[in-house]
1. State yes or no: is VAL95 assigned to a helix (DSSP H, G or I) and either buried (at least 19 other Cβ atoms within 10 Å of the Cβ) or touching a Phe, Trp or Tyr at 6+ places or on another chain (Cβ under 7 Å) (or both)?
2. I'd like the full set of residues that are among the small types (Gly, Ala, Ser) and more than 20 Å from GLN89 (Cβ to Cβ), limited to region 166-184.
3. Return yes or no: is ARG63 over 21 Å from ASP181 (Cβ atoms), of a type in the set (Lys, Arg) and modelled with pLDDT of 60 or more?
4. What's the number of the only condition in (1) more than 27 Å from LEU168 (Cβ to Cβ); (2) in contact with a strand residue (DSSP E or B) (Cβ under 8 Å, 6 or more places away or on another chain); (3) modelled with pLDDT of 90 or more that ASN100 fails to meet?
Amino acid sequence: MGCAHPPCAFRGGVGGVTHTNGFKQPQSPTAPETPSLISLVESLLFVADEPVEPAKLAEALARPLAEVEEAVNGLAADYQQHNRGLRVQRRQGRVQLVTNPAAAQAVEDFLNLDLSTRLSGPALETLAIIAYRQPATRAQVEAVRGVDCSGVLRKLLQLGLIEEVDRLDAPGRPIRYGVTDLFLQHFGLTSLEELPALPPEEADALHAAAALAEAEEHTSHEP
C-alpha cells in the first residue's frame, strides 16, 4: 500500500541544510565581498618590502591617485584612532607600514634587539645632528661636534640608522648622510617632522656650523 502522505522533509544534517527524500539540496554560492580601497591599499603595503610611492599603488590598483592618497590617510587615521599595532609611515614621498612606536620595547625584546645599549653618547649626538641637518657630510657633522666622526659614522651605518643619500657637488664629492626608516621606527617617529623642535639658539648654531663646513668643502678636498 502506498503512503498517503507526501515524502517527509526534514531539517538538519550538515550545516543545517534542508534535506528532502534524503538528498542534500545545493546551497547558493555566496559571492565574495569586494574589498574596500583602504583594504586593498593595506594589503599592498603589507606585502611591500620597501616604502612605496602612492603613485605606484594607484597604478597597481588602477585607481586615481587622489583616491589612493585618501585611502592611505584613512588607513593611517584608523590605525591611530584605534591604537592598532601598526602605523603608516611617510618619508620622502613614500609610505610603508611600521610597528606602533608604543610597542617598540616588545618588538625589540621579541627580536632580541637593543639599539639603545649599543649607542654611545657621541653616536647619539652624531645621529641627532644628521637627523636635524640632513643630508649632511662628515665635515658638516664634525663642524658641529668639533671632533673626528669617521668611526661613529661607520658604526651608525653598520647599525642601519643612517645611509648614504648622495654626494655633495664639491671637490672630492663628499658623501652626504641621512637617517633611515629604522631610525624613525626605533625612536618612535613616523616622519622627521615629528622630531622635537630645537631651541632657536641651538638650531641657529647647528645650521651655522654646517653651513660654514659646506662652504669650506666647496673650496677644499675632504680628507
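The values are calculated or read from the model by the stated rules, or taken from the named source; none is laboratory data. Note that the structure is predicted; figures quoted are calculated from it, not measured. In this analysis, Cβ positions are derived from the backbone assuming ideal geometry, glycine residues included, and neighbour counts consider all displayed protein chains.
1. Answer is no for this residue.
2. Scanning region 166-184 gives ALA170, GLY172.
3. Spelling it out, ARG63 is indeed over 21 Å from ASP181 (Cβ atoms), of a type in the set (Lys, Arg) and modelled with pLDDT of 60 or more.
4. ASN100 satisfies all of (1) more than 27 Å from LEU168 (Cβ to Cβ); (2) in contact with a strand residue (DSSP E or B) (Cβ under 8 Å, 6 or more places away or on another chain); (3) modelled with pLDDT of 90 or more except (3).
Conditions tested, residue by residue: (1) small (Gly, Ala, Ser); (2) crowded, with 17+ Cβ neighbours inside 10 Å; (3) in a helix (DSSP H, G or I).
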residue	(1), (2), (3)
GLU70	no, no, yes
ALA76	yes, yes, yes
VAL88	no, yes, no
PRO122	no, no, yes
GLU142	no, yes, yes
PRO171	no, no, no
ARG176	no, yes, no
PHE183	no, yes, yes
